[in-house]
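Below you'll find the structure, written out as structure tokens, and then a few comments.
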Amino acid sequence: MSTQTPRILTNSRDRVGECPVWSVAEQALYWVDIEGCRIHRFDWASQTQQTWHTPERVGCMALTSRTGEPQTLVAAMETGIYLLKLGQEGGVDATLLAGVKHPMPNMRFNDGRCDAQGRFWVSTMCMDMSLAAPVGAVYCFDEAGLNELQISGFVTPNGMGFSPDGGSYYLSDSHPSIQKIWVFDRDATTGALSRQRLFVDMLSLPGRPDGAAVDATGCYWICANDAGLVHQFSPQGELLQSVSVPVSKPAMCAFGGPNLDVLFVTSILPAGVQPEHAGLNGAVFALEVGARGLPEPVFSRFTLC
């Protein structure tokens with residue numbers, strides 16, 4: 001167990017803080033509050049935060065190659081993939097890029113990230129986790145549109161990540177009944193997946209597998225929801241260390257900072273806890289864990305208007 005005092009990045013608290021994404025071009029951290037329908041941006045130089053309100057829940061988002069004002073993101077929301085232009089006064093201009101037909105009501109996009117080739121990989125889930133409905137699937141958004149991959153039957157697909165060489169793809173299911181992480185072989189050129197196999201069975205470890213990041217050496221870092229930990233695994237699936245955070249529900253992690261050696265961790269407000277009594281729950285933390293990440297890829301499969 002590795003214990004340190006993490007830096008609390010902001011004063012705000014999120015209901016479901018997820019999808020931290022570091023922009024090298026802007027030297028800023030973006031993340032979402034899914035249930036709060038908000039996107040946040042923390043500027044590293046000025047140490048200031050901006051917040052935008054979105055028309056739907058944002059499960060995950062990706063950077064784009066566009067810079068300047070307004071900032072633009074590609075976001076996987078409830079009803080599809082949207083281009084979001086973030087305005088100056090907290091408003092958002094949302095343009096639908098690709099709709100989705102969910103297999104049942106009350107679903108949304110959940111986890112996702114871009115690969116090095118500029119594709120946006122995203123997953124879906126039923127928002128009522130008590131149903132344990134295996135209707136979640138993984139999609140890839142590129143110049144051909146939103147394409148469902150031949151991997152489905154998940155309850156809460158999560159923990160996406162790519163090895164530094166692009167040859168491996170990671171995916172977890174964080175539902176309490178499953179709690180497994182898989183790895184796939186991946187053709188980096190075409191994006192095709194094959195040879196799904198178990199990477200880590202987290203039923204034997206503290207916490208449920210939630211959002212994840214891969215560092216520059218290929219180690220896989222994943223938030224252990226309900227355990228207040230972030231686990232680091234070697235590329236072979238060996239547990240190397242568990243880093244504690246001062247909340248029970250860390251949600252997703254990402255490397256960033258000027259030298260890409262800061263591990264940012266978002267968190268969730270536990271059910272039944274009121275915002276005025278949140279404490280550190282729902283905060284974003286910055287940790288120094290002795291590892292360095294890679295620049296976050298941007299969506300670049302076609303020109304965004």
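The values are calculated or read from the model by the stated rules, or taken from the named source; none is laboratory data. This structure is a prediction, so every number in the text was calculated from the model and none was measured. Positions of Cβ are backbone-derived with ideal geometry, glycine not excepted, and every protein chain shown enters the neighbour counts.
Scan the stretch 273-305 residue by residue and report those that are among the β-branched types (Val, Ile, Thr), in a loop (DSSP other than H, G, I, E, B) and touching a strand residue (DSSP E or B) at 6+ places or on another chain (Cβ under 7 Å). First the steps, then the outcome.
To start, the set of residues in the stretch 273-305 that are among the β-branched types (Val, Ile, Thr) comprises 273, 284, 289, 298, 303.
Imposing the further condition that a residue be in a loop (DSSP other than H, G, I, E, B) reduces the set to 273, 284, 289, 303.
Val284, Val289 - these are the residues of the stretch 273-305 that are among the β-branched types (Val, Ile, Thr), in a loop (DSSP other than H, G, I, E, B) and touching a strand residue (DSSP E or B) at 6+ places or on another chain (Cβ under 7 Å).
Of these, Asp128, Asp173, which one is charged (D, E, K, R) and out of contact with any Phe, Trp or Tyr (no Cβ under 6 Å at 6 or more places or on another chain)? Write out each step before concluding.
Values: Asp173 fails: out of contact with any Phe, Trp or Tyr (no Cβ under 6 Å at 6 or more places or on another chain).
The conditions single out Asp128.
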Residues that are assigned to a strand (DSSP E or B) and over 14 Å from Asp226 (Cβ atoms), drawn from the stretch 253-272 = Cys253, Ala254, Phe255, Gly256, Val262, Leu263, Phe264, Val265, Thr266
Scan the stretch 16-24 and give yes if some residue there is out of contact with any Pro (no Cβ under 9 Å at 6 or more places or on another chain) and modelled with pLDDT under 95, otherwise no.
-> no
Out of the residues in the stretch 160-185 that are of a type in the set (Gly, Ala, Ser) and closer than 15 Å to Gly218 by Cβ, which is surrounded by the most Cβ atoms within 10 Å (Cβ to Cβ)?
-> Gly161
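In this structure, is Arg38 surrounded by fewer than 24 Cβ atoms within 10 Å (Cβ to Cβ) and either within 16 Å of the chain's Cα centre (by Cα) or of a type in the set (Phe, Trp, Tyr) (or both)?
Working: surrounded by fewer than 24 Cβ atoms within 10 Å (Cβ to Cβ): yes; either within 16 Å of the chain's Cα centre (by Cα) or of a type in the set (Phe, Trp, Tyr) (or both): yes.
Here the answer is yes, as Arg38 does meet what is asked.
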For the stretch 130-151, indicate whether the set of residues that are surrounded by 21 or more Cβ atoms within 10 Å (Cβ to Cβ), aliphatic (A, V, I, L, M) and within 20 Å of Phe302 (Cα to Cα) is non-empty.
-> no
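Specify the residue that is surrounded by the most Cβ atoms within 10 Å (Cβ to Cβ); the eligible residues are those in the stretch 198-219 that are charged (D, E, K, R) and within 17 Å of Ser244 (Cβ to Cβ).
Going through the stretch 198-219, the residues charged (D, E, K, R) turn out to be 201, 208, 210, 215.
Next, from what is left, pick out any that are within 17 Å of Ser244 (Cβ to Cβ): 208, 210.
Numbers: Arg208: 23, Asp210: 27.
The residue in question is Asp210.
So which of Val32, Val24, Val16 ends up being in contact (Cβ under 8 Å) with a residue 24 or more places away in the chain and over 24 Å from Leu229 (Cβ atoms)?
Just one listed residue meets the conditions, Val24.
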